[in-house]
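FYI, it's all coordinate maths here, none of it is from the lab. A quick note: this is a predicted structure, and the numbers were derived from the prediction, not measured. Cβ placement follows ideal geometry from the backbone for every residue including glycine, while neighbour counts extend to all protein chains displayed.
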Amino acid sequence: MLSYQHEYHAGNFADVHKHLCLRVLFEALCRKDKPFCYIDCHAGAGRYDLGGPEARKTAEYTGGIGPLWECRTQPASGTVAAYLDAVARLNPDGELRYYPGSPALAQQWLRPQDRALLLELHPQAQQRLKQNVGEDSRISVHTRDCYEGLTALVPPPIRRGLVLLDPSYEVKQEYRQIAALAVCAHKRWANAIYAIWYPLLPAARQRALLAALEQSGMPRILLTELTVADGTDQSGMYGSGMAIVNAPWQIDNTLAALLPAVANRLAPGRGATELRWLVEASAGQATG
Ligand SMILES: C[S@@+](CC[C@H](N)C(=O)[O-])C[C@H]1O[C@@H](n2cnc3c(N)ncnc32)[C@H](O)[C@@H]1O
């Protein structure tokens, strides 16, 4: 049985990095009027109470959305402003209490013509997700294991799109399994963007994921990493990474302009970012 609960980690530095990447990808997709389909394979509960016992116990958000929220009146860029606006909509009185998960962010950023499929396996998270999403004809919530569900759902009728793979990596095999899932889905829906989140831990298990992606034959794979410590103290997650398959044109420049200031805000003097192509963009390749 799954034991991971995102309530303990919501709004931490990894969520900030992941959700800013998500915003950048939505901005890229929204450049054309043509509809797109967003598939969230590990949706979680969709909204988190930062005043609840789980979030208060770890206080991880105080190293993530906390410091960024404090500078919301002078956001570093339009992308950061849009992300903070989405957080602000859940906190209309200006006090940071609720944090939106990826489904709640997507719900705010989808246009009328776009669609979203949300997959969540944990029964409690699933129940909360349904409550938090409410009635929205653009969005369908699936009680489904993504290892079976994603390949069954792709390609969706709308052929442009984005898949977010955001597992908890509770078991170390998941690094290889998630790469295999992306490859399998890519065979059926080759022009979608796949955003695969991974943690940076002292054990460096992300190497198995990245090696599998590099050898997969999938094109244009960009890696973005944000670190808040140097990883030598052996005390847990020190960074957040996202591998973006079929990375949209110029997204590397967008992320390079955006993330260093965010890293410095989250971890002054220690925060750093890295951006590199795992699989090079070759001339003429572009995602629409
Ligand atoms: C890291 S959390 C997701 C956070 C969410 N993507 C966000 O950004 O707000 C991972 C979620 O995946 C769910 N999960 C784990 N394994 C799954 C699977 N095989 N299929 C679908 N959901 C799964 C967990 O219950 C958990 O809610």
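Kirkwood radius and radius of gyration were both taken over the C-alpha atoms of the stretch 65-200, and their ratio Rg/Rh is 0.98. When the charge dipole of the chain is built from unit charges on Cβ atoms (+1 for Lys and Arg, -1 for Asp and Glu) and taken about the Cα centre, the candidate among Ala204, Leu117, Trp189 whose Cα reaches farthest toward its positive end is Trp189.
A cut-off under 14 angstrom between Cβ atoms defines the neighbours of Pro248, and their net charge, with Lys, Arg +1 and Asp, Glu -1, is +4.
Dividing the summed helix terms, -39500 (n - 2.57) for each DSSP H run of n ≥ 4, by the number of residues in the chain produces a 222 nm estimate of -11500 deg cm²/dmol to the nearest 500. For the stretch 82-125, what does the alpha-carbon gyration tensor say about shape, rounded, prolate or oblate, given a ≥ b ≥ c as the root eigenvalues, a/c under 1.5 as rounded, and a/b over b/c as prolate? Oblate is the answer for the stretch 82-125, as a/c is 1.5 or above yet b/c matches or exceeds a/b.
Sorted from greatest to least, the principal axis extents spanned by the alpha carbons of the stretch 193-271 come out as 36, 29, 12 Å. Bridging of Lys187 to lysines at a Cα separation below 28 Å is possible for Lys18, Lys32, Lys34, Lys172, once same-chain residues fewer than 8 apart are set aside.
Given in Å, the Rg to one decimal and the Dmax to the nearest whole number for the Cα atoms of the chain are 17.5, 51. A simple rule links phi to the HN-Hα coupling: the Karplus curve 6.51 cos²θ - 1.76 cosθ + 1.60 with θ = phi - 60°, which for the stretch 176-190 gives 6, 4, 6, 5, 5, 5, 4, 5, 5, 5, 5, 5, 8, 9, 6 Hz, with x for Gly and Pro. Based on DSSP, what percent of beta bridges with both residues in the chain are antiparallel, to the nearest 5? Restricted to the chain, the bridges split so that about 60 percent are antiparallel. The Cys residues in the chain with no partner Cys Cβ within less than 4.7 Å of their Cβ are Cys21, Cys30, Cys37, Cys71, Cys184.
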